[in-house]
Each structure stands twice: as structure tokens, then as C-alpha cells.
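Here the structure is laid out as C-alpha cells; the discussion comes afterwards.
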Amino acid sequence: MIATLPIALVVNGAPRVVAVEPHHTLLEVLRDDLGLTGTKECCLVGECGACTVILDGRSVDACLVLAVEAEGLEVRTVEGLAVDGRLSALQAAFLDKGAVQCGFCIPGQLVSAQALLDEVPHPSRPEIEEGLAGNLCRCGCYEQIFEAVEATAAGEGHLTASAAPPAGANAGARSVEEGLDQ
């Protein structure tokens, strides 16, 4: 039997202590131990960006970080972007601009974009493209994703009334996190 190690970290603003096996990744701990399934498991080699989280202010691929390396650090996942049940301006902009198709890559795209905006509040298009270069979108929504980041940086108004769009908005679309937790 492999011994577990307790690690303390702050996840989406809440202090957490988790017993982890030394070889477990931050991705495994977030999804399996903490139930934060918005962070997606996909390539497991840091190529796709689906597992992107913000770790102490930097976007990282959670599949490449051992959980023990996160000891004492702050982790922000896609679930930590909304505030008081309201979409963040960035999440709302993704809906407004139609940047959500299949939704699999969207949590990683959102987290990478938020990390970029935290660092560069008004990025240029080339800075946005570079900031999101580690996130792949198989549906090809890059233009809408870039537009959503630009709109957020410009402070354009967005849906923020609740965690879900109002009836009739984006008919047939789901909220950014709804149904993406599998």
C-alpha cells in the first residue's frame, strides 16, 4: 500500500486539506478527491489545455503538476470564476459571443483567459492569441473565444444576472458549466 501525504492548499478561496498519494497529479486531486470536474482530463501530457487551472496566479496544466507541489498554494478552477452564483464577465462574454460549442475545452479556455486578463487587463489580439496558445478547441471557435476576451477587456456589458442565461438567450445552448461536469 502506498502511503498518503496530507497537503493543505486553498481551492477557489477555500482552505482544503487532502490526503494524496505522492504520484497523484493536481488534476486527479481536483477531479477525484475534491469533485471539481470542470477541470477536464484529456491528453495528460500538457498538450491540450483542457485541465488548465490558475496556480498562485499562473495558468498551468494540472495534469503536469504533482499534487504535492501545490502544498500551501492557491488554486483557482473554472468553478471559482463565478461569484455568488453569477457568471463572471468573462464567462458571460463567452456566451454572448457564441464561444461555446461542444464545451469540452471551454473550462481550460476560460481559466487561461482569466489568467491572461489578471496579468494584462487590456491585452492586444496577439497577446490574447499567445495567452491562449496552449488551449486547443476541436470545434474551431477561436475567433469567438478571442472576441470574448477582447469584449471582457473592453468592459462591454454582458449577461450577469445568474449562473444561467435568461430564457431565450442562446436558445438551445447550455450555461458555461452546466452539463460540462462529466
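Computed from the coordinates by the stated procedures, all read-outs in this text should not be read as laboratory data. Nothing here was measured: the structure is a model prediction, and the numbers come from that model. Cβ placement follows ideal geometry from the backbone for every residue including glycine, while neighbour counts extend to all protein chains displayed.
Points to keep in mind about this one:
- Subset of the range 120-140 [closer than 26 Å to Gly46 by Cβ and over 16 Å from the mean Cα position of the chain (by Cα)]: Val120, Pro123, Ser124, Arg125, Pro126, Glu127, Glu129, Glu130, Arg138, Cys139, Gly140
- Of all residues in the range 1-21 being surrounded by fewer than 12 Cβ atoms within 10 Å (Cβ to Cβ) and closer than 21 Å to Pro107 by Cα, the one that is nearest to the chain's Cα centre (by Cα): Gly13
- Every condition in (1) hydrophobic (A, V, I, L, M, F, W, C); (2) assigned to a loop (DSSP other than H, G, I, E, B); (3) out of contact with any Ser or Thr (no Cβ under 6 Å at 6 or more places or on another chain); (4) within 30 Å of Glu129 (Cα to Cα) is met by Ala3 except one, and the failing one is (4).
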